Each structure stands twice: as structure tokens, then as C-alpha cells.
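The values are calculated or read from the model by the stated rules, or taken from the named source; none is laboratory data. Keep in mind that this is a model prediction, so the values were computed, not measured. Here Cβ is always computed from backbone atoms with ideal geometry, including for glycine, and neighbour counts include all displayed protein chains. Heads up: the accessible areas ignore ligands, DNA and RNA and are worked out on the full protein's heavy atoms, side chains in. Shrake-Rupley method; radii C 1.70, N 1.55, O 1.52, S 1.80 Å.
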Amino acid sequence: MIRSLLILSSLALTTPSLAQDIPFATDRAVPESQAQIQLSFAPIVREAAPAVVNVYSSRTVQQRVSFFSRRTREREQNSLGSGVIVDASGVIVTNNHVVQGADELRVVLADRREYEAVILLTDEASDLAILKVETDEPLPVLPFDMGGEGEVGDLVLAIGNPFGVGQTVTSGIISALARTDLGDTDFASFIQTDAAINPGNSGGALVNMDGELIGVNTMIFSRSGGSNGIGFAIPVDLVSRVVDTAMSEGELIRPWLGARLQPVTSDLAAAFGLDRPRGALINEIYPNAAADDAGLRQGDIVLAVDGHEVNNDSGTRFRLATRATGDDARFTVLRDGRELFLDVPVLPAPGIADPVPYEPQGANPFVGTALLELSPAFNESVGIDSFEEGLVVRNVVRRSVAARFGFRPGDRIVEIDGRRIVTLDDFEDMLARLDGQETWPIAVMRRGQRIEADIKLY
């Protein structure tokens, strides 16, 4: 299984380095002789391939008996992906989309040993999943490259099970780094490679010339469904963080900066005195969030996080996501022509991700609604603008007072009697103040439009 873009058809463990067997592994030298050109990747493959596995998933789906019938029958749906053993006890990393919805998971090693697998953790935002198999003997492990020294042009190997034909190794180079705005995640900073990646490679290994894991293959850019030499892998920085979480805390808490960022265009670069467009401009700061606590300001330009250059919101969020909650991330910021270094705490989004619906009572036009308080935590969980505030209508009871006045699910209550509604406390205060009042001036947001009305109860 592999995801495609454009047209979709698409810790650190110590092991002996292979550098001593491959002279050019760390020198990055262009071959100068026929003998060097004939050097083989076989030593790397011998070390790395045993730690790459096949992941078979199956789930039961309901299928209509025929086009003319409403009756359904159960059908088993099978899919195939790859995975990488990252701990000798049987911990395996793969893609979330490989195992999503699976009723049964089976892992097959390169030497054909088979194990039933259970899911320790899944994370849709990063498209990573951590599996565990029970074994009485240590399994081969692929070590992480945590040095962050990969460069565009470096040789890499992709190992996986494309099209279910069996374990396959392809070679190529790193074509680009820190590719953002790809796929359906805000935490993107992909490694791009021209090593052939095809359906079934998802969750497989992208390996450097030291035999270390630098990324987990996850998607291809394709019009046909096959490899066109543009594949993408999730960097090991984020893979390591998710693996650590699965083996310790057990729940992945996503950091939230609390700032709106936009890329720096050529016009903005000239206005701020930059030699070229770089960094991400802060447009807005959420009160009392991590950015605010660290002293970031509107108008600052974030140039780097932990020494890694960032140019947009996705890249910044990715860098934060590689750090554990409670850590500090070092931000390099341009302010008033000077570079500053600020330590930003890695904190989760404030608020409740799964709030209990509130059902208003009394004499007011909201009776019959179930309301949810918007907060960065809730907004992030449902995929809406994390800065939006107010109360959102979750549902409306038929033939209720609220239904009679035209409230709809998705309406966001932003103002009552001229007072801004941000929290549930604001709302309850207004209900108590106006309870039984004949006319209720109300403003709601519906599909991006503000609607104002004076609702008369009697």
C-alpha cells in the first residue's frame, strides 16, 4: 500500500557502523575509477534488510449483494505494506494508513518468520503507527540516523515490498529535504528521493550509506500509480519521537506554538532587510500560549528552530513535533534587524479536545441546541482554525425552540446583546442576565458569513 499525491494512486540503538567497509560512506566523494564504480551496496543491504518486514492487514467490510439489492454481506479486505523493526523486543514502525481500520495484523520477516502484531500507537497527523510482536528471541534492528547530516545528493536505498512481489531494494539519492505542503498533514517536512517507491513500499525503510534509517517511506507523486522517481519519506526525527512515545508515555500529545505564520515573500524580505526570502513571519499570537510565554511577538520572523531553517508554518510545526512535551525548542528570530534566540516551551494546545456538550435551559432561544466550546485543543482535533473562538452548535433538536428560530449545526455563536462570546462562562453569564427577556440580539457565524438578528421569544 502506498499513498500518491496529485492524482492519488499514491532509541537510537547501537550497531556496528558499515563505514569501515564502504570507504566513501562518510567522505561523499564522486567515484574516480572503474573499480569504485563497481563497488556494491550489498554490505549495507545485508545489515539493513533483515530489519525490514512485510505488514499484512485485513479488515471486514460490508458489501452490497448487488446493485439492485439493499442486502449486504461481509467481505474480507486485505492490504499490504512494509515496516521497520526499531527495537529488538519486537517494536515495529510503519505507516498509519497501512494499518488503519485493520481487524488483524500479521508481520512477516525477511527470513519468512511470521508473527501476529498488535498496535501500540497510531498517529494520523504524522501517518505513523507503532506495532508490537511477541518474540522469544531478539529481532534484527535498523538503527536511527540521529545526526541529521543527510544532504541533497546523498545516496540512499529504499527497502520494502512493492506490489507484494517480495522484499525489494532500490537505490537513488536524496532529491530534496524539508518538503512541506504535501499530503494531508500539517506536520510535514518530507525527505524527497528518486529511489523507486511503489504501492507496498509504505512503511518501508529509507537507508543511508551507513546502514541507518533516515526515513520511513510514505507516499509517491504519481499520475499512473507507479513510481515516477518522486517519492517521500517521513524523517527519522519524527519517527524517533513517535517510537519513544509508544514505548514510554503511550499517548502522543501534539505541541502547539500558538502563533500564525506565513512564508516570507520577496516583497516582505525587502521590507525587513533580508538578503533573500527566508523564514516565517508571525502574524498573530494566541494569548498565554507557548509563543506568548516565550516572548515571541507579532512581526517577528522565525528563521530556524533548533538550528534547522524553517520557511512556513508546516516546517515550524514539524520541528516542534520532534520534541517531547515539556522540552524547550530554540527559536532563531529576526526582530528589528537583529537575530534573537528564544527558548519556546513545547506545550500542548490549551483547552479540552473532547468537551462535553452543553445544553442550555431556561427561557432563551438556544433551548434545544447542544453546544461545544471552541478551544485550540478542540479545534486542532477536528481540523478547524485553531484560533477560532466562541460556541459552536453541535446539533439541534427537531421542533425545539432553537429549531424554530433557525439555528443549524455548525453555527458559531460569537455575540449576544453586543457582548463577545468566547467561553462557555461568557455564554452562561449572558443567559443568566437575559433570562426571560423578550428580545435577544444575537450574532452567529455561518459558513464564513456573519449573521445578525434580533430574536423575539414572545
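Of note:
- Number of residues in segment 208-220 that are open to solvent by 10 Å² or more (accessible area, probe 1.4 Å) and hydrophobic (A, V, I, L, M, F, W, C): the value is 2.
- All positions within segment 256-295 that are in contact with a Phe, Trp or Tyr (Cβ under 9 Å, 6 or more places away or on another chain) and assigned to a strand (DSSP E or B): Ala259, Arg260, Leu281, Glu284
Here is a yes/no grid of residues against (1) in contact with a Ser or Thr (Cβ under 9 Å, 6 or more places away or on another chain); (2) in a loop (DSSP other than H, G, I, E, B); (3) not charged (D, E, K, R):
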site	(1), (2), (3)
Ala233	yes, no, yes
Glu251	yes, yes, no
Arg297	no, yes, no
Glu339	yes, no, no
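- Only one of the numbered conditions (1) of a type outside the set (Asp, Glu); (2) within 17 Å of the chain's Cα centre (by Cα); (3) closer than 12 Å to Val242 by Cα is violated by Ile92, and that is (2).
- Test: residue in segment 97-116 that is open to solvent by 80 Å² or more (accessible area, probe 1.4 Å), in a strand (DSSP E or B) and modelled with pLDDT of 90 or more: yes
- For segment 321-337, the count of residues that are over 21 Å from Ala280 (Cα atoms) and hydrophobic (A, V, I, L, M, F, W, C) is nonzero.
- Failed item, numbered, when Asn364 is tested on (1) at positive phi; (2) surrounded by 13 or more Cβ atoms within 10 Å (Cβ to Cβ); (3) in contact with a Leu (Cβ under 9 Å, 6 or more places away or on another chain); (4) of a type outside the set (Ser, Thr, Tyr): (1)
- Residue in segment 243-257 that is open to solvent by less than 40 Å² (accessible area, probe 1.4 Å) and over 30 Å from Glu388 (Cα atoms) present: yes
- Which numbered condition Arg59 fails, given (1) out of contact with any Gly (no Cβ under 7 Å at 6 or more places or on another chain); (2) at pLDDT below 85: (1)
- Considering segment 135-148, the residues that are open to solvent by 70 Å² or more (accessible area, probe 1.4 Å) and in contact with a Ser or Thr (Cβ under 9 Å, 6 or more places away or on another chain) include one that is nearest to Val99 (Cα to Cα), namely Pro138.
Okay, residues lined up against (1) touching an Asp or Glu at 6+ places or on another chain (Cβ under 9 Å); (2) surrounded by fewer than 20 Cβ atoms within 10 Å (Cβ to Cβ); (3) modelled with pLDDT of 90 or more; (4) under 22 Å from Val310 (Cα atoms):
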| site | (1), (2), (3), (4) |
| --- | --- |
| Gly153 | no, yes, yes, yes |
| Ser189 | yes, no, no, yes |
| Thr193 | no, no, yes, yes |
| Asn198 | no, no, no, no |
| Asn201 | no, no, no, no |
| Leu206 | no, no, yes, no |
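- Residue within segment 336-343 that is within 28 Å of the chain's Cα centre (by Cα) and among the hydrophobic types (A, V, I, L, M, F, W, C) present: yes
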